[in-house]
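The values are calculated or read from the model by the stated rules, or taken from the named source; none is laboratory data. Since the model is a prediction, treat every value here as computed from it, not as a measurement. Cβ sites come from the backbone with ideal geometry, for glycine too, and all protein chains shown count toward neighbours.
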Amino acid sequence: MKETKFYPTIWQTIPFSFDLYNWDSKGKCIKDLVLKNTYATEMRVSEMQLNLNRFSAFDSSGKEHFIADFSGQDSLLIKGIHAGHFLRSKGILLLEPGFYTAIRFYFGTGSCFIYSDRVEEPTEGFEYLDFEIVNGLTIKGDESPEALLRFDFVPFKVGTFRNAIKHLFKVPRHFAGKLADNLSH
């Protein structure tokens with residue numbers, strides 16, 4: 001049997017490669033933020049289904065600044081950079097000028113983590129989750145109010161999906177049961 005190599009990243013969109021999303025309608029540069037959480041990385045979280053109550057940012061002195069950006073949404077699916085998805089926020093850069101290090105998402109009921117093996121687990125016991133802003137965020141006051149939020153999550157395991165498809169098309173090697181006994185005579 002011939003082995004075929006499979007390269008899953010060949011169809012992956014590469015963030016930061018196109019200049020299409022970097023400018024708003026007024027010609028101001030949109031900030032592109034990568035958010036990382038060590039707990040999500042260690043637990044191999046690939047996606048998060050969230051019902052958000054609040055959304056806030058922390059400055060370099062540890063003070064929390066609330067942003068009412070996601071209020072009123074029923075559910076929000078957050079995917080990682082590996083999926084090529086991002087969130088667009090129109091309120092994060094309306095914060096006071098300064099340097100910001102983290103963003104906090106407050107969870108509502110019905111939120112869940114989706115791990116790399118596609119197992120879903122409710123976020124029971126978590127009221128919020130903090131995401132570190134990679135390289136921080138400096139706001140001077142003259143930026144576009146829009147920002148792209150990309151999440152550094154672990155990609156899904158390819159083997160589990162491939163094995164499920166292979167099992168679906170697998171041809172049985174032997175017959176069993178009454179029908180097999182009738183055909184053998």
Checklist outcome for this item: Within segment 117-130, residues being farther than 11 Å from Gln49 by Cβ and buried (at least 19 other Cβ atoms within 10 Å of the Cβ) number 1
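How many residues, within segment 1-60, are assigned to a strand (DSSP E or B), within 14 Å of the chain's Cα centre (by Cα) and modelled with pLDDT under 65?
Initial filter on segment 1-60 (assigned to a strand (DSSP E or B)): 23, 29, 31-36, 45-50, 52-59.
Subset that is within 14 Å of the chain's Cα centre (by Cα): 33-36, 45-50.
Subsequent filtering for residues that are modelled with pLDDT under 65 retains none.
Selection size over segment 1-60: 0.
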Item to check | Residue list for segment 78-105, filter: at pLDDT below 85, surrounded by fewer than 18 Cβ atoms within 10 Å (Cβ to Cβ) and in a strand (DSSP E or B) | outcome: Arg88
